1. Which is in contact (Cβ under 8 Å) with a residue 60 or more places away in the chain, closer than 26 Å to Asp157 by Cα, aliphatic (A, V, I, L, M) and in contact with a Leu (Cβ under 6 Å, 6 or more places away or on another chain), of Val343, Val301?
2. Scan the range 293-308 and give yes if some residue there is over 25 Å from the mean Cα position of the chain (by Cα) and more than 21 Å from Phe74 (Cα to Cα), otherwise no.
3. For the list (1) surrounded by fewer than 18 Cβ atoms within 10 Å (Cβ to Cβ); (2) small (Gly, Ala, Ser); (3) touching a helix residue (DSSP H, G or I) at 6+ places or on another chain (Cβ under 7 Å), I need the number of the one condition that Ala150 fails.
4. Anything in the range 34-49 that is loosely packed, with under 15 Cβ neighbours inside 10 Å and either within 22 Å of the chain's Cα centre (by Cα) or touching a residue at least 24 places away in the same chain (Cβ under 8 Å) (or both)? List them, or say none.
5. I'm trying to understand the selection: among the residues of the range 336-383, which are charged (D, E, K, R) and closer than 29 Å to Arg162 by Cβ?
6. Pick from Pro333, Pro299, Pro303: which is modelled with pLDDT under 95 and under 27 Å from Thr146 (Cα atoms)?
7. Name the helices (runs of 4 or more DSSP H) wholly inside the range 295-383 in which the number of residues that are more than 30 Å from Lys278 (Cα to Cα), hydroxyl-bearing (Ser, Thr, Tyr) and touching a helix residue (DSSP H, G or I) at 6+ places or on another chain (Cβ under 7 Å) is 1 or more.
8. Looking only at strands (runs of 3 or more DSSP E) that fall completely inside the range 176-264, which ones have 1 or more residues that are over 27 Å from the mean Cα position of the chain (by Cα) and touching a residue at least 60 places away in the same chain (Cβ under 8 Å)?
Amino acid sequence: MQQSPGLKEMVNQLVSTPSISSTQEQFDQSNLDVIHILANWLQPLGFEITINPISGKPGKANLIAKRGSGDNAFVLSGHTDTVPLDEDLWQSDPFSVTEKDDRWYGLGTCDMKSFFALAIDALQPLLEKDFKHPLIILATADEESTMSGARALTSADLSSARFAMIGEPTGLKPVNQHKGIMMLQALITGTSGHSSDPELGNNALDGTAILIEELIQYRNDIKSKYTNDDFNVAYPTLNLGCIHGGDNPNRICDHVELSFDVRVLPGMDNDEMLQSLKQRLAVKLQDSGLECDLSLMHPAVPPFENDKKELLTLVEQISGSSAGPVAFATEAPFLKTLGIETVVLGPGSIEQAHQPNEFIPLNHLDPTVDIIRRLVFQFCCEG
């Protein structure tokens with residue numbers, strides 16, 4: 001059976017293949033080159049390869065690589081994309097692995113291209129064994145922007161899957177909960193006019209000031225109403241992110257765009273929160289002559305909670321760490337929706353993700369390989 005490249009070479013090839021995803025078109029890139037690299041490594045190892053283009057997303061695809069047949073498959077899942085970057089802030093080439101201070105530096109080393117290479121490396125001693133249950137390696141598109149890859153997954157794609165581990169950077173500690181997130185934009189519309197006479201127009205900035213005050217009150221309300229002490233930040237949050245509006249100091253402002261995010265706890269519903277917000281903001285502008293159009297900037301990510309224990313208990317035992325929550329969102333709720341018990345665990349720290357000089361510590365490599373190898377043996381070989 002053909003051998004894959006060495007671990008460092010695999011990580012270097014993945015890092016050196018740009019696959020940035022962004023909601024801004026000028027930064028967005030295809031992930032197909034990364035998908036084909038993974039397919040070319042996995043097919044000679046006995047994996048059946050399926051590449052599913054994402055509808056409405058040219059140049060984007062998911063990879064589903066399956067080894068073995070039958071039911072109760074174990075899924076090793078990750079995303080193939082990275083965030084945009086500012087190369088001027090990097091001290092090394094972001095598109096090449098640089099080893100320094102017992103770390104591998106490069107865009108995607110931590111979040112999360114290295115996970116695929118570590119998974120392939122972990123499989124090598126198991127490839128001559130009989131797989132009683134299938135192993136699936138899932139590689140998705142656009143996790144860092146719209147999560148279009150995870151949203152496109154269907155029950156048919158992963159029909160045999162029972163368990164999944166997503167290799168996001170968690171410091172090798174299992175994650176069983178995370179918050180959901182909505183990114184929202186309020187477009188406040190008024191009427192322009194000469195600033196010398198306020199009666200000549202209707203100032204959208206005045207309305208925005210009223211809405212910001214209401215959003216701050218809403219933030220305080222949900223903070224007092226909902227709590228989950230498992231989280232370091234034990235309440236849902238609302239962050240006022242950016243504001244743009246008007247065009248000149250001597251014109252009455254006729255439009256403002258206000259963008260913010262809401263992060264909800266497990267058990268809370270994004271749709272209900274959105275409708276509640278729309279109603280509250282509409283009441284505040286009632287009879288003002290101003291309009292507010294509140295909309296999602298892209299589809300919301302649900303909160304996640306693992307409410308099953310079979311996979312989670314084993315991952316806790318093998319990793320030597322108890323499961324806990326994180327504040328960032330992952331693709332886990334989309335796999336859970338398909339009926340797959342899911343945990344999140346991977347090398348590196350979220351503190352290095354999305355940062356210049358992103359790195360993965362070398363002392364996380366062997367433990368990651370060991371965890372993956374033991375899980376695959378337990379679920380696929382021993383059955």
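The values are calculated or read from the model by the stated rules, or taken from the named source; none is laboratory data. From a predicted model like this one, the values you see are computed outputs, not experimental measurements. FYI the Cβ positions are ideal-geometry reconstructions off the backbone, even for glycines, and counts take in every protein chain you see.
1. On the way: Val301 fails: in contact with a Leu (Cβ under 6 Å, 6 or more places away or on another chain).
Of the residues listed, the single one that is in contact (Cβ under 8 Å) with a residue 60 or more places away in the chain, closer than 26 Å to Asp157 by Cα, aliphatic (A, V, I, L, M) and in contact with a Leu (Cβ under 6 Å, 6 or more places away or on another chain) is Val343.
2. Yes, there is a match, as at least one residue in the range 293-308 is over 25 Å from the mean Cα position of the chain (by Cα) and more than 21 Å from Phe74 (Cα to Cα).
3. Going through (1) surrounded by fewer than 18 Cβ atoms within 10 Å (Cβ to Cβ); (2) small (Gly, Ala, Ser); (3) touching a helix residue (DSSP H, G or I) at 6+ places or on another chain (Cβ under 7 Å) one by one, Ala150 breaks only (1).
4. So in the range 34-49, the residues loosely packed, with under 15 Cβ neighbours inside 10 Å come out as 40, 43-44, 48.
Of everything in the range 34-49, just one residue is loosely packed, with under 15 Cβ neighbours inside 10 Å and either within 22 Å of the chain's Cα centre (by Cα) or touching a residue at least 24 places away in the same chain (Cβ under 8 Å) (or both), namely Pro44.
5. Step one: list which residues in the range 336-383 are charged (D, E, K, R), which gives 336, 341, 351, 358, 366, 370, 373-374, 382.
Listed by number, the residues that qualify are Lys336, Glu341, Asp366, Asp370, Arg373, Arg374, Glu382.
6. Pro299
7. 310-319, 365-376
8. Result: 180-189, 255-264.
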